[in-house]
Structure formats: structure tokens, C-alpha cells
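For reference, the structure discussed in these notes is given below.
The values are calculated or read from the model by the stated rules, or taken from the named source; none is laboratory data. Quick caveat, the model's predicted, so the values are computed rather than measured. Cβ sites come from the backbone with ideal geometry, for glycine too, and all protein chains shown count toward neighbours. Side chains are part of the model used for accessible areas, which takes the heavy atoms of the whole protein and leaves out ligands, DNA and RNA. Shrake-Rupley method; radii C 1.70, N 1.55, O 1.52, S 1.80 Å.
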Amino acid sequence: MKIDFLKLYTPNLQEQLHFYKEVLGLPVKNFHENSFQVSIGYTGIEFEQVENATPYHYAIHIPPKQEEKALAWLEERVGILKDGEDKIIDFPNWKARSVYFYDADRNIVELISRTDLFSEGPENFSEESFLGVSEIGLATENVEDEFQFLNSNFGLEKFTGDYERFCATGDDEGLFIIINKNIKDWIPTGDKAYASPFEIKFTIAQASFGAVFKNDRLELT
């Protein structure tokens, strides 16, 4: 599953614009009074102003074996979210390693390096090493219901987890990270997981699909 587009909501549009354009140096476009878009590799993210918007978790692919370089690059720009004393978090069953930080909304952003997914990138790490969105967090009261929606409508399979606390759904290229917001928080910080609404467009086997998460449920678009 390739995530082509995300629409997220922000209570701090100008701060987010500054963060993605000036701090991370990513291309931004389509400026409007209440929204803008940022290009993250092959994925476009639109941020729209909503006064009471709540935080998200999402992840971005980077080239394999570049997590140490990504960490050094990030440390010149943002604070790193650690797991205990660890700045790089290992997921051996996923053949992946990750670094986490906050954006201007305290969204938890993850840079994830998967050993087997992409070819190795250039020697130097930069904003051009952001390859595309890898994951979107989906916090709900019923993990199995949201998994069944994704499975029945799009054929997405369980990647790992269970149907009570956590179920990653999709594949190495793109995942919905479905968690039970009543019993699980976001790693590595333990931040509360909100059922923050979003819109998503994605591709599976060259077919395009869309969904919206609102009122604690996924719906077709």
C-alpha cells in the first residue's frame, strides 16, 4: 500500500508552515488562508486549520541503514523523542529502525528505515531523503472494526498485532497503525492517542482508493 496523500488538521497553521518549510526544508505549495500542502517524497500532506485539532502520529520512509545519519541531521534541527536513553528504536521483527520527533503541533513524527524496502540512498542525509509517508496512526475504541473495514474494502491484511490493543494493517510500504485509544498510548513518549480525523488516498496494485476517518470510524470516499 503506497500512501499518496494525507489531509491532517492543525490548530497552528502558521507554526506548522514554518516548521515544515524552514526547519525541515521540505517543499511547500498551494498556500491558502486556511491550508497548505507539503511534499514528502511521493506523498502530499495537506494541513488545514481547525481550532480544536488534536495531535497525530505518522511515519516517513527514509533509505535503509540511514537512521544514524538521520539522527545527526535531525539533532541539528529538533529535539529527539527517546525511549528511555535510546534515540534510535529497533524493530527487529519489522527489519526497521526509527527516530522520533515532534512537529509544531506535537504530532509524533517518525523517520523509519526499513532494511529490505528501498535501495540505499546517497551518502549524505538531507530533506531529499524523506521518501514518502509510511504509516498513519488511527486511534479508536474498536480495533477489530477498523481492521475489518480495511480488509473487506481494500483487501489489506494484518501486518502484526492483535484486535484488542494494536493492529498494524497493510504492508512494509504503507500501514495503518490502529490502536485502542482507551488502553494504549503512542510510543516512544506515552502521549495520549486521540481519534484525530484525517483523509487518505493510497494505491494498491496500481488501483487508487480513498478513505476518511471521522467520528471514530473509517468511511469510504
#### Entry: Residue list for the stretch 47-86, restricted to those being more than 24 Å from His18 (Cα to Cα), under 18 Å from the mean Cα position of the chain (by Cα), part of a loop (DSSP other than H, G, I, E, B) and without any contact (Cβ under 8 Å) to a residue 60 or more places away in the chain
Pro64
### Query
Any residue in the stretch 108-131 that is among the hydrophobic types (A, V, I, L, M, F, W, C), under 17 Å from Leu26 (Cβ atoms) and touching a Phe, Trp or Tyr at 6+ places or on another chain (Cβ under 6 Å)?
yes
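Test Ile88 against the stated conditions and say whether it is more than 20 Å from Asn12 (Cβ to Cβ), of a type outside the set (Asp, Glu), open to solvent by 10 Å² or more (accessible area, probe 1.4 Å) and in contact with a Leu (Cβ under 7 Å, 6 or more places away or on another chain).
Judged against the criteria, Ile88 is a match.
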## Note on the structure
Quick count over the stretch 16-38, residues being in contact (Cβ under 8 Å) with a residue 24 or more places away in the chain and over 19 Å from Trp73 (Cα atoms), is 2
### Task
Return a yes/no flag: does the stretch 95-106 have any residue that is open to solvent by 90 Å² or more (accessible area, probe 1.4 Å) and either more than 19 Å from Asp191 (Cα to Cα) or hydrophobic (A, V, I, L, M, F, W, C) (or both).
yes
### Residue list for the stretch 89-108, restricted to those being among the acidic types (Asp, Glu) and assigned to a loop (DSSP other than H, G, I, E, B)
Asp103, Asp105
### Qualifying residue in the stretch 115-122 (condition: under 16 Å from the mean Cα position of the chain (by Cα) and either under 27 Å from Phe198 (Cβ atoms) or in contact (Cβ under 8 Å) with a residue 24 or more places away in the chain (or both))
no
